[in-house]
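Okay, handing you the structure first.
Every read-out reported here was derived from the displayed coordinates using simple, explicitly stated rules and does not represent laboratory data. Note that the coordinates shown come from a computational prediction; the quantities given were computed from them, not determined experimentally. Using ideal geometry, Cβ is built from the backbone for each residue, glycine included, and neighbour counts are taken over all protein chains shown.
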Amino acid sequence: MKLEVLNIQGQQTGREIELPEDVFGVEPNEHVVYLAVKQYLAAQRQGTHKAKERNEIAGSTKKLKRQKGTGTARFGDIKNPIFRGGGRIFGPRPRKYNITLNKKVKQLARKSALSSKVSAGKVFVIEDFSFEAPKTKAFADILAALKVADQKPVVVTSDYEKEVYLSSRNLPKTKVVRASDLNTYEVMNAGALVLSEGAVEKIKEAFAN
């Protein structure tokens, strides 16, 4: 599988880059993609929610009234959950939402996501580029030239490019990620995937190991 390499003006360079079929041309497996996205979103949850239970409430432990003979329900102390300010019954406790997936499932999910984007014509390969200083307008011009500015683009670089990253921060729905950090959720959430030539090589290396 080959894709045209474009320059940052959105013009063809006359060169093509080879995309491995076993990464960008597999039959997408929707279920493993679902599992990988579910794992990613679950990992974003902090799980720090907490409500005080009866034994954690500050208050008197004196029994409010006698047990029998009042004709009404029995009451313990003021920390009873039925009273305002009392403890919470079965309230939330701190917990982890992490989901475990094995390596092969996660790899298949990434391959499925990349393959679905290629088949939809939403993957673009551009020459490696960098900025001497952060320039939001220059970065916006690149996206406009590629006609992906309004498609929630994800730009994938071979390594951390500070100036490129800073140039993208003020552009809504635009994200810059390293090839090593690219995950299934980022791929599926992107309207368009813009890969630098170096990023393609990094992706090849990642799946070769």
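Which of these values of Cα extents along the principal axes in Å was calculated from the structure shown: [x] 95, 38, 26; [y] 63, 37, 25; [z] 61, 29, 27?
Of the listed options [x] 95, 38, 26; [y] 63, 37, 25; [z] 61, 29, 27, [x] comes from this structure.
To make sure I understand, if each residue's beta carbon is the centre and we count other beta carbons within 10 Å, what order do Leu143, Leu64, Leu3, Leu193 fall in, fewest to most?
Leu64, Leu3, Leu143, Leu193
In what sequence do Tyr160, Tyr185 fall when counting other Cβ within 10 Å, fewest first?
Ascending Cβ contact count within 10 Å gives the list Tyr160, Tyr185.
Same structure again: Just Asn183, Asn80, Asn98 to compare: in a GNM of the chain, with alpha carbon springs under 10 Å, which one fluctuates most?
Evaluated over the chain, the most mobile residue of the options is Asn80.
Average the reciprocal distances over every distinct pair of alpha-carbons in region 150-191, invert the result, and give the Kirkwood radius in Å. Can you show the working numbers first?
Working: mean 1/r = 0.0952 Å⁻¹.
Across region 150-191, the inverse of the average 1/r is 10.5 Å.
Let's test the formula: R0 of 30 Å, r as the Cβ-Cβ distance of Leu101 and Asn55. What FRET efficiency results, to the nearest 0.05?
It comes out at approximately 0.20.
Which value at 222 nm does the chain reach when only helices count, each DSSP H run of 4 or more adding -39,500 (n - 2.57), with the total divided by all residues and rounded to the nearest 500 deg cm²/dmol?
Dividing the helical sum by the residues of the chain leaves -10000 deg cm²/dmol.
Which residue, Asp181, Asp77, Asp159, tops the fluctuation ranking in a GNM of the chain built on C-alpha contacts under 10 Å?
Looking only at Asp181, Asp77, Asp159, the largest GNM fluctuation is found for Asp77.
Between Glu53, Glu161, Glu16, which gets the highest mean-square fluctuation from a Gaussian network model of the chain, Cα cutoff 10 Å?
Maximum among the listed residues: Glu53.
To one decimal place, what orientation-averaged projected area in nm² is obtained for the convex hull of the Cα set of region 48-96?
Averaged projected hull area, Cα only: 3.9 nm².
Now, a different point. Provide the FRET efficiency to the nearest 0.05 for the Ile89-Leu41 pair, computing r from the beta carbons and using R0 = 35 Å.
The value I calculate is 0.75.
Using a Cα-Cα cut-off of under 25 Å, which lysines could be cross-linked to Lys68, ignoring same-chain neighbours fewer than 8 residues away?
Lys79
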